[in-house]
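Engineer: The following block contains the structure, expressed as C-alpha cells.
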Amino acid sequence: AFPAISTDGLHVTVRANLAISEELDLALRYGAEGVGLYRSEYMFMGRDALPTEEEHYRMAKHVLRRCTPYPVVFRTFDLGSDKESDLIDFEDEANPAMGMRSLRLALREKEMFLSQLRGFLRAGVHGPLAIMLPLVGSVDELEAGLMVIEDAREQLAAAGMAHAEDLAIGIMIETPSAAVIADILAKRVDFISIGTT
C-alpha cells in the first residue's frame, strides 16, 4: 500500500469503516490508521441471542490492540429502520428511518445498551477508545445517552473492573434537527461525524 501523502508532502489520515472485525486485516494492509467507524450493530444481526458484555469486550479489545497506537471509534448499535434484529421488538411505524431506532432504541433498551458500553469501556484499557452515539436528534437525547455512559462507568468502578478513564465521546449528525443545533451539541462532546445516506 502507498502512504496517504499528497504530491506536495501533506499526510492525510485515512481510517477504515468496518462492520465486522474480520475486515480489519484488509484495512490495515492498505494503510488504515485506525478505525473511523466500527458499526457495532452487526453483532446483533443473524443471531439467536443478544451479544454479551464479554463478547463486546473481546471484539473491542481485539480491534483496539490491532490498531494501537491509532484510535478506534465504536458506534453504539445503530439498529432499526433498514437494520433490524430478530432479538428486538420493533413496532410498525410510518417513518421507521426517523422513529424508534439507534440512540432512541438504545435508551429504551437500557440494559442492552449498558452491556455494550461496559464491554467497550473495559476494552478501552487496550488502546485509544472513542464511542460515538448515532442519530442524536436533540440535546435531551444526547444528555440521556451521556448519562448512560456515565452509569456504565460507575457500574464498572463499583465492581472494581479496569476500564477506560480517558476516552473521546462523539455523535453522528444525521437528522435535520441535529444539523440545526450542531453547534450546541458540539459543545457537549469531543467530536462530531456527519452521517450521509
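The values are calculated or read from the model by the stated rules, or taken from the named source; none is laboratory data. If you're wondering where the values come from, they're calculated on a predicted model, not measured in any experiment. Here the Cβ positions follow ideal geometry from the backbone for every residue, glycine too, while neighbour counts run over all protein chains shown. The accessibility values were calculated without ligands, DNA or RNA, using every heavy atom of the protein model including side chains. Shrake-Rupley method; radii C 1.70, N 1.55, O 1.52, S 1.80 Å.
Engineer: Just the residues that are part of a loop (DSSP other than H, G, I, E, B) and within 24 Å of SER102 (Cβ to Cβ), please, taken from the range 8-28.
Structural biologist: The first filter runs over the range 8-28 and keeps only residues part of a loop (DSSP other than H, G, I, E, B), leaving 8-10, 12-15, 19-20.
Hits for the range 8-28 are ARG15, ALA19, ILE20.
Engineer: Report, by residue number, each residue of the range 144-168 that is open to solvent by less than 20 Å² (accessible area, probe 1.4 Å) and either in a strand (DSSP E or B) or among the small types (Gly, Ala, Ser) (or both).
Structural biologist: GLY145, ALA152, ALA164 - these are the residues of the range 144-168 that are open to solvent by less than 20 Å² (accessible area, probe 1.4 Å) and either in a strand (DSSP E or B) or among the small types (Gly, Ala, Ser) (or both).
Engineer: Next up: Across the range 29-71, what is the total count of residues that are assigned to a helix (DSSP H, G or I), of a type outside the set (Val, Ile, Thr), touching a Leu at 6+ places or on another chain (Cβ under 7 Å) and under 14 Å from ALA19 (Cβ atoms)? Give the derivation first.
Structural biologist: Let us first name the residues in the range 29-71 that are assigned to a helix (DSSP H, G or I), namely 29, 40-44, 53-67.
Cutting the leftovers down to of a type outside the set (Val, Ile, Thr) gives us 29, 40-44, 53-62, 64-67.
Checking which are touching a Leu at 6+ places or on another chain (Cβ under 7 Å) leaves us with 41, 44, 64, 66.
When the remaining residues are screened for being under 14 Å from ALA19 (Cβ atoms), the result is 41, 44.
Number of matching residues: 2.
Engineer: Further, regarding this structure: Being β-branched (Val, Ile, Thr) and within 21 Å of VAL125 (Cα to Cα) narrows it down to one of VAL136, VAL180, VAL148, so name that one. Lay out the reasoning, then the answer.
Structural biologist: On the way: VAL136 fails: within 21 Å of VAL125 (Cα to Cα); VAL180 fails: within 21 Å of VAL125 (Cα to Cα).
Only one candidate qualifies: VAL148.
Engineer: Next question. If we keep just the residues of the range 30-70 that are within 24 Å of ILE171 (Cβ to Cβ) and of a type in the set (Val, Ile, Thr), which is surrounded by the most Cβ atoms within 10 Å (Cβ to Cβ)?
Structural biologist: VAL35
Engineer: Please specify each residue of the range 169-183 satisfying the condition of being within 24 Å of ARG108 (Cα to Cα) and open to solvent by 70 Å² or more (accessible area, probe 1.4 Å).
Structural biologist: Residue satisfying the conditions is PRO176 alone.
Engineer: Filter the range 11-29 down to residues that are of a type in the set (D, E, K, R) and closer than 25 Å to MET172 by Cα and give me whichever is most open to solvent (accessible area, probe 1.4 Å). Explain how you work it out, then say what you get.
Structural biologist: Step one: list which residues in the range 11-29 are of a type in the set (D, E, K, R), which gives 15, 22-23, 25, 29.
Next, only the ones that are closer than 25 Å to MET172 by Cα stay: 15, 22-23.
Values: ARG15: 107, GLU22: 134, GLU23: 74 Å².
Only one residue tops the list, namely GLU22.
Engineer: If the requirement is being modelled with pLDDT under 90 and surrounded by 20 or more Cβ atoms within 10 Å (Cβ to Cβ), which of these qualifies: LEU103, LEU129, LEU121? Working first, answer last.
Structural biologist: Working: LEU129 fails: modelled with pLDDT under 90; LEU121 fails: modelled with pLDDT under 90.
Matching residue, one of LEU103, LEU129, LEU121: LEU103.
Engineer: So, one more: Go through the range 132-143 and report how many residues are open to solvent by 10 Å² or more (accessible area, probe 1.4 Å), in a loop (DSSP other than H, G, I, E, B) and among the β-branched types (Val, Ile, Thr).
Structural biologist: Matching residues across the range 132-143 total 0.
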